[in-house]
Every structure is written in C-alpha cells, then in structure tokens.
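Here's the structure we're looking at; comments come further down.
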Amino acid sequence: MLFKDEIPTGKIAWESPSNIALVKYWGKRAVQLPQNSSLSFTLSKALTNTVMNFTPAIRKTGKVSFFFNGERNEIFEKKTDIYFKSLTSIFPFIKQLDFKIYSKNNFPHSAGIASSASGMSALALCLCNLEQKYFGTLTGEDAFYKKASFVARLGSGSACRSLYGGAVLWGKTGTLPASSDYYGIPVLDVNSVFKNYRDTILIVDDSSKKVSSRIGHALMDNNPYARVRYLQAKGNINLLLETLKNGDIDTFVKIVESEALTLHALMMTSNPWYMLFKPQTIGIIEKVVAFRKSCAVPIAFTLDAGPNIHLLYPEDDEAMVLEFITKELIGFLKNDYFINDKVGKGPERLKL
Ligand code: PMV
C-alpha cells in the first residue's frame, strides 16, 4: 500500500502479442490451473496495445474505465473491474487508484484469435510495471516476467504464454524442471528452422464466438474423453519438445494437426455439444492437405477455439504458400482477410 501523499498519477503502456497453441490447453482446475500442459508460439503482428492511466482513487475502492478501439466498452470495463478486484491481495495499491485504460487490437477480438491472451498479458505487464516503478519490489527481469505471467494467467490461462517470445510452455512437465502450472516459461532449446516460423491466419468469420472458452473449459469436467485427452496431451508435449529441438517438421505437422482436431472433437463430444467449425473451415483443411501432398511444402493447419485457420510453415516456403492462399483459399475467407504473421519476440514496453 502507498501513503496518501505517495499515490501517483501517471501512465504506463505495453504492447503484447497473441499466441497460437500447438498443444492445446482445454480443461482447467482450481483457480485457472491447467489440466494439461500446453505449448505455443508467440506471434508478432496480432497485438494488443494498452495504455493504463492511473490517478489517486476518488472513492474508497478504485474504479476502472475501459476504452476499446477508441470507444468506451462496458463489457470489457466490467471484466477488468472484476479482474482487478480479484488481484487486490497481489497488488494492494489497486484499491488506491482509479484506472482509465485505452486498449486497441489490430485484429478482430473474440473470433478464435487469442485476443484475451494479448489483452490480459498487456494488462498484467502494466500492473507489474506499476509495482516495479513505485515499490521497487520486482527488480530482475526474471521476477518481473514470471510475475506478469502469473498475473496474466489469472485473467486468461493462455495469456500466461504471451509474456515471452518464441516457443512458450505452460504447465508442470517432467522434462523441464523450471516449468510450472502457475506461469509460462520460454522454451529455449529450439531448432533454427522453427525460429522464424510463419503463421498465416485465415479469417473465415470475425464475429464473436457463440460459446465462450470459459464455458468450453467447464464442459471438460464431464467430458467422457477428458482423462484420455489429458494423457494424450502429456505425450504430445514431450514429443513436441523433442521435435522443436531436433527440427523434425513432419512430426511437428502431425502433432499440431492432431491437437487442433482433438480440441474441436472435445467440443463436439461435450454435453451439450457444440461446433465452431464452419463449412469454409473444412474446405480450407481439405485444400491444405491436398496442397501438402502435391508439393514439398510441410504446411500444417491449426485452430484455436473458433472457425479461423492458422497455417504454420517454414519461412523459406512463404512465397509458395502466399500464392496458394491467393489462388485457392481466398474464396473461403471473409472479405479476403488474412493476417500474415510469424513467430515473434514477445511484449514490448511503449515509450509515452
Ligand atoms: O485462455 P483461454 O481460457 O481463453 O483458453 C484458450 C484455449 C485455447 O485457445 C483453445 C487453447 C490454448 O491453449 O490457447
């Protein structure tokens, strides 16, 4: 807590990326802890930019105003207010401040591109930065990012993987002793072929999801395949860690596609079941598989909790893949829209 005359006025800004899970987190326990470990690539172009203004609280408990893409957004305001209130034991100063948050995305939100990952990680970074600035308790880089990842996780599980660039693992995994269920860690032993890997995100539908991830995770509690899924994920994490190390792209393709289809199969086998695939999603998958068979490009598809497709492939194949998209896939896309992204370096503090 701060003494009354120490309560600051100021602003802090961070830009944080989304991430794409290669092994999926689907199913949780206790307070935002994963039922299985997950591993993602951090992206570089799908970003949230958040400016957090703070002033001494007028009322007893601080207040949050939230502006999204330039307009007041009451839904995000309510969510952020609940999130901030849940964090007062970690950051007691939250109660002493009023926040005016300006956040913007350069990609559609709630459409299965993990906008909660970039949004929540940016907010967590702003809060940790505030702590660092006024309390000096988060000194080393390690402590700073670990705490930011921990705090981001409480907002949205997958957000805890957006704190680092490259490949990031979340969840206790025997082969990596530093791993934890409480925060993400960077995976450092990665073959050069994966360092600049491409992710072209094909937008089939940019409207809001009809079933939230929160509900999807909860449905795993009674999914008849849950137990075997968590075992499968454990095996896939170990195999993927090995694959990232040895650069075996064929195995990478197999794991990534199986994970994407398993995620959606779990939605379809929940009670009640639901389906986020669109006819275009299946059309694209069929074309991608045919393209892979017809040439030497080891392209893989994956999906988050939505109908949009992420195409993952080595940077050397970019020209061929872009030609394939323009010739054969563009007809499936909403307004011909795709984001040509790649593995990124992680969040960045913005100078104001
Ligand atoms: O972080 P949440 O609660 O929005 O869950 C995200 C789950 C998936 O995006 C479907 C998979 C993942 O690991 O990112």
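Values in this text are rule-based calculations from the coordinates and carry no lab data. Here the structure is a predicted model, which is why all the values come from computation and not from measurement. Positions of Cβ are generated from backbone atoms using ideal geometry, with glycine treated the same way; all protein chains shown enter the neighbour counts.
Highest mobility in the GNM of the chain, judged by mean-square fluctuation with C-alpha springs under 10 Å and restricted to SER18, SER118, SER212, is found for SER212. Determine the shape class of the stretch 148-226: with a ≥ b ≥ c the square roots of the Cα gyration tensor eigenvalues, call it rounded for a/c under 1.5, and otherwise prolate if a/b is greater than b/c, oblate otherwise. Cα axes put the stretch 148-226 in the oblate bin.
Using the Cβ atoms and a cut-off under 10 Å, what net charge is assigned to the surroundings of LEU266, where Lys and Arg are +1 and Asp and Glu are -1? Neighbour charge sum, excluding LEU266 itself: +2.
Remark: the stretch 153-242 carries a charge dipole of roughly 180 debye about the Cα centre, counting +1 on each Lys and Arg Cβ and -1 on each Asp and Glu Cβ.
Size of the dipole of the chain about the Cα centre, Lys and Arg at +1 and Asp and Glu at -1 on the beta carbon, nothing else charged, in debye to 20? If you can, show how the numbers build up before the last one.
On the way: 42 positive and 33 negative charges, 246 e Å.
For this selection, approximately 1180 debye.
Which helices pass in the chain if a helix is a full DSSP H run, must span at least 24 angstrom along its long axis by Cα, and must have mean Kyte-Doolittle hydropathy not below 0.0? Write out the running numbers ahead of the final one.
Details: long enough: 115-135 (30 Å, 0.52); 226-246 (30 Å, -0.26); 249-268 (29 Å, 0.96).
What comes out of the filter, once short or polar helices are dropped, is 115-135, 249-268.
Classified by the C-alpha gyration tensor, the stretch 183-222 has an oblate form. Its axis ratio a/c, with a ≥ b ≥ c, is 1.5 or above, and a/b does not exceed b/c. Over the chain, dividing the summed -39,500 (n - 2.57) contributions of all DSSP H runs of at least 4 residues by the number of residues returns a 222 nm mean residue ellipticity of -11000 deg cm²/dmol.
Computed from the C-beta positions of GLU74 and ASN222, the FRET efficiency with R₀ = 35 Å rounds to 0.60. Among the trypsin sites (Lys or Arg not before Pro) found in the stretch 148-193, those both in a DSSP coil and sparsely packed, with 16 or fewer other Cβ atoms within 10 Å of their Cβ, are LYS172. When +1 charges are put on Lys and Arg Cβ atoms and -1 charges on Asp and Glu Cβ atoms, the dipole computed for the stretch 222-278 relative to its Cα centre reaches about 240 debye. If you average 1/r over every pair of different alpha-carbon atoms in the chain and take one over that average, what Kirkwood value in Å do you get? The Cα-based Kirkwood calculation yields 20.7 Å. Among the trypsin sites (Lys or Arg not before Pro) found in the stretch 5-72, those both in a DSSP coil and sparsely packed, with 10 or fewer other Cβ atoms within 10 Å of their Cβ, are ARG59, LYS60. Considering only PHE76, THR88, ILE185, the residue lying farthest towards the positive end of the dipole of the stretch 72-203 is PHE76, judged by Cα position with unit charges set on Cβ.
Is the shape of the stretch 213-352 rounded, prolate or oblate, going by the alpha carbon gyration tensor and its root eigenvalues a ≥ b ≥ c, with a/c under 1.5 for rounded and a/b larger than b/c for prolate?
Working: a/c = 1.42, a/b = 1.31, b/c = 1.09.
It is rounded, given that a/c, with a ≥ b ≥ c, falls under 1.5.
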